[in-house]
Amino acid sequence: MDFDVVVGDWVTMKSDARLVREEVFIDEQKVPLEDEWDDMDDICLHAVAYDRNGGGVLGTARLLPDGHIGRMAVRKAGRGFGIGGALLKQMMEEAKARGHGEVVLSAQIHAEKFYIRHGFVREGEEFMDAGIPHVQMRHVFDS
C-alpha cells in the first residue's frame, strides 16, 4: 500500500486524526470518550497517514511537547503495511529535531513487540489505562 505521512498542528489535522482515533480507540477498543479526548491535542504535533490511491486516512499519532509519543492508531484497512512504523519513525524524527534526547510512550501490551522492534525498551510494570493493559517504554537517541 502506498501512503504518505503528513505532519501538522491540531487545527490542520483534527478532522482526520479524530476519525482514526474514534474508529480505533472509541469504537473498536471501547475506550471511554472522556479518556480519549484531553486538552493536550492543541499543543501537540500530529501526524496522519494517507493512502496515495484514494483510500483516505489510514492512521495517526501525536508528539507532546515533552517528547512523549501517544495516540498512535492505524485503521483496520491499513494494518500490516508499515503505516504504524512510518508514523512512529516520523514522530521520533520530529522529537529528535526538537532537541529531545529520548522519546517515551505508553504502549498497549499487545503492541509491545512492535515498539521493541523500533528500539524501545520496556520500563516498569504493566498498568491499566482506559481499561487496557499498558507498559511504559523509552527510546534513547544515539548521540
Note to self: C-alpha centroids of the range 1-74 and the range 99-141 sit apart, in Å, by 18 Å
Counting other C-beta atoms within 10 Å, which of R21, R52 has the fewest, and how do the rest follow? R52, R21
Placing +1 at every Lys and Arg Cβ and -1 at every Asp and Glu Cβ, with all other atoms neutral, what dipole size does the chain have around its Cα centre, in debye to the nearest 20? 580 debye
Please enumerate, by chain and number, the lysines with C-alpha under 27 Å from the C-alpha of K96, excluding those fewer than 8 residues away in the same chain. K14, K113
5 Å binning of all Cα-Cα separations within the range 24-127, expressed as whole percents from 0 upward: 2, 11, 21, 25, 22, 14, 4, 1, 0
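Just so you know, all these numbers are worked out from the coordinates, no wet-lab data involved. Quick caveat: nothing in here was measured; it's all calculated off a predicted structure. Cβ atoms come from the backbone with ideal geometry, glycine included; neighbour counts cover every protein chain shown.
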